[in-house]
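Only one structure is covered here, and it is reproduced in the block below.
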Amino acid sequence: MDFRFTETQRLFAGAVGELLNKECTPATLRAMTEGSHSSIQTLWDSLSNMGVIGMTGPEGYGGLGMSDLDLVLIMEEMGRVACPETVIEQTCIGVPILCNVVEGAVDEELIKSLVSGEQRLSTTLGSAYALAADSADYLLLENNSEIYLVPSSEVEMVLQESVDETRRLFSIQWEPTKHTLVEADPNIVRKSLLSAVTATAAQSLGVAIHLLETTISYVKEREQFGKPVGANQAIKHHLADTGKAIEFARPMVHRAAWALSVSDPEEQVAVSMSKYLASKAVNHACRTALQCHGAIGYTMEYDLQIWLKRGWALAATRGDAIAHIDVIGQNILNEEHDLANG
Amino acid sequence: MDLAFSTSEIEFRDEIRTWLNEHKPSEKWLAMDTEIGFEQHRTWEHKLFESKWSVPNWPNEYGGRDCSLIEWLLFEEEYYLSGAPGRVNTNGITLLGPTLFEWGTQDQKDRFLLPMAEGKEIWAQGWSEPNTGSDLASLSTTAIKDGDNYILNGQKTWCSRGAWADWIFCIVRTDPESQRHSGLSYLLVPADAPGITRRPVSRLDGEPAFAEIFFDDCQVSTENLLGGEGEGWKVAMATASSERGLNLRAPGRFLAAANQLVNLYKRLIRENKKIPPELFNKIVDGYTAAQAYRWQVFSKASSLMHGETMGAEASYMKIFWSELDVDLHATALELLAERGELLASAPDAIAEYDWMSGYLFSLSGPIYAGTNEIQRNIVAERVLGLPRK
């Protein structure tokens, strides 16, 4: 039993974090939404150049052959800066599925260009809407349990306005055709969706950590009645509870990533527990952050709103807390035998 | 990262599982906090000791097995899942024990640790006073040096196991002119010393689990000072972090309670009871929270085993386990509906587990070892860095 990440895992996540700090800022996010874009193309290119986009692909396709465990700290970093890119769609879902299709079912050069990040993909697998579909070259879609890789020019996409302007969602209308069908391995599809849930949980944690840190800084500076508002017990207890929610969700998210990386028999429950706890933690962080900021947090001008909205969105997507309660419950409560209990 | 248990960890777990199955008493004993039940539980401590299971994480020379922190957590899980009797010397082995290892002289370790491990000497904690609860530094029991002795005067209260314990670890004011944190000392007091009067106090469940302890010119040898004179606060903080963190509350107890709750649900389903979805959700929430506690503790244990230390974040754990315990029991009482208020002795009660008594006990968790309000202040000020004033 060893809960530590390797030095390589920490260093890689640290390097990605530094890149994100430079290229994914409130200013670049605001510029993106002002131009009605779904992506910061320069950021996407930098992540591609670092190998992040294709990191789950095998080396033969130009990937890094890495696992969910290698990815999880990077996903936290992405949440921390509210990264808008379709990394979950491409790195957790598209690349693993397409790198494992029956040989020849998909053009190898196309797969390589998706691993390198040169071409982009979004998907509705495991979610109702396709994120940033207007930036995608391809869409990975499902119909009657079959998976299709469809050029985005062949679908009709409709923007679904949503609360988080940095997460542009599209509903997709399309017709399945023989030439877009890919023979995907059902087990890889299942695992890739669990991987996407875990990555969403990790991003949620990153958002929650950012909200907690930002709010701590704010309540230390903001003074009322001649003292920092953070000196009041009511504020302290709100923030302690947010810290607690993060403290007890984070090891579960790391455990889910580990379980996926070794195909542990408990992987599905581990993943649902991680998203359940992370959704609750980020919702708690949003509520606390807004309340402790007061009116300034309730404005578009102040950057807090970027993370509040991302937090609400991530808490709900790929299964909200209640949806995952159901998965856990089906696994635990519906087993015939009793549990050991003393 | 490798969250699978190693072969030796699994062997260790299997060994304690087998031992408990073979040795745990089959008859139901009286409650630990009754005079007879106390002695029954003392014999159990001795039985554990004889097989080196009373303090498996201690060094061999003091009756332990030198097991790793992870192995100790597995021991605790197996212990609670087996339904073995409660540990009457928890105050000694999980609170004073670690403090003695950190602060005790060689003579003190040799004198106190082995009888503690054997169950020969059961310990109570003498910290709170009638006017001193959360604000421990306000305590006023004095211990004035007189030659080779201290002369104690004052009163301690809410001393768990205090009515029948053999020894009491106290914090006292050795400098009567001192204020607050300075001038305090940590003193080990034999419960049969002349000048001590003990009065049992019944807890919410009716068991005399508390005691008030009065000191009237009670003489205690200066050899029983743990740490230096005036260092009592520093020594007490070592005990307090044990009390709040993983020393006192390994996840085993909560995992067992969560499993009980799941089994209660299954039983009611078998009895064709309708369970509303809100209750289903609460059960799953409680089960998940118990797992979250388990894995957070493994993660902390892993970093402690690799040289990191734990400070104020132990308060996160105290808040979490104590509120989890209340939630698990409250959910079970909701599931039981009208049977919820029955005690285990009632003919209609579900026999496997006494949920109401468990609920009453769980309600002490957010109060003792520093109330959860104090713990939230500690987290906010020392982990998150918010201003004290």
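The values are calculated or read from the model by the stated rules, or taken from the named source; none is laboratory data. These numbers come from a predicted model, not from an experiment. No Cβ is skipped: glycine too gets one built from the backbone with ideal geometry, and neighbour counts run over all protein chains shown.
Couple of notes before you dig in:
- Filter pass, A:LYS244 being among the basic types (Lys, Arg), more than 20 Å from A:SER279 (Cα to Cα), without any contact (Cβ under 8 Å) to a residue 60 or more places away in the chain and not assigned by TED's automatic domain parsing to the domain that holds A:LEU149: no
- A:LYS191 meets the conditions (1) among the basic types (Lys, Arg); (2) assigned to a helix (DSSP H, G or I); (3) over 20 Å from A:ALA257 (Cα atoms) in every case but one. The failed one is (3).
- Unmet criterion (only one of (1) in a loop (DSSP other than H, G, I, E, B); (2) over 30 Å from A:ARG10 (Cβ atoms)) for A:ASP164: (2)
- Scanning region B:334-345 for residues that are small (Gly, Ala, Ser) and touching a helix residue (DSSP H, G or I) at 6+ places or on another chain (Cβ under 8 Å) gives B:GLY340, B:ALA344.
- Search result, residues across region B:299-329 that are more than 17 Å from B:GLY286 (Cα to Cα) and without any contact (Cβ under 8 Å) to a residue 40 or more places away in the chain: B:SER299, B:SER303, B:HIS306, B:GLY307, B:GLU308, B:THR309
- Residue in region B:333-344 that is within 13 Å of chain A (Cβ to nearest Cβ) and either under 26 Å from A:LEU339 (Cβ atoms) or at pLDDT 95 or above (or both) present: yes
- Exactly one residue out of B:PRO194, B:PRO190 is farther than 22 Å from B:TRP103 by Cβ and more than 11 Å from every other protein chain (Cβ to nearest Cβ), and it is B:PRO194.
- Residues located in region A:105-120, provided they are buried (at least 20 other Cβ atoms within 10 Å of the Cβ) and either touching a Ser or Thr at 6+ places or on another chain (Cβ under 7 Å) or under 15 Å from A:ARG190 (Cα atoms) (or both): A:GLY117, A:ARG120
- Every residue from region A:231-248 that is more than 7 Å from chain B (Cβ to nearest Cβ) and assigned to a helix (DSSP H, G or I): A:ALA234, A:ILE235, A:HIS238, A:ASP241, A:THR242, A:ALA245, A:ILE246
- For A:GLU142, the requirement of being of a type in the set (Asp, Glu), farther than 20 Å from A:PRO84 by Cα and not in a helix (DSSP H, G or I) is met.
- None of A:ALA285, A:ALA201, A:ALA270 is closer than 19 Å to A:ILE93 by Cβ, in contact with a Phe, Trp or Tyr (Cβ under 9 Å, 6 or more places away or on another chain), more than 12 Å from chain B (Cβ to nearest Cβ) and modelled with pLDDT of 95 or more except A:ALA201.
- Of all residues in region B:345-367, those that are within 20 Å of A:GLN233 (Cα to Cα) and either in contact (Cβ under 8 Å) with a residue 40 or more places away in the chain or at the interface with another protein chain (Cβ under 8 Å from one of its Cβ atoms) (or both) total 1.
- Any hit, region B:79-96, residues being touching an Asp or Glu at 6+ places or on another chain (Cβ under 6 Å), within 13 Å of another protein chain (Cβ to nearest Cβ) and under 24 Å from A:ASP2 (Cα atoms): no
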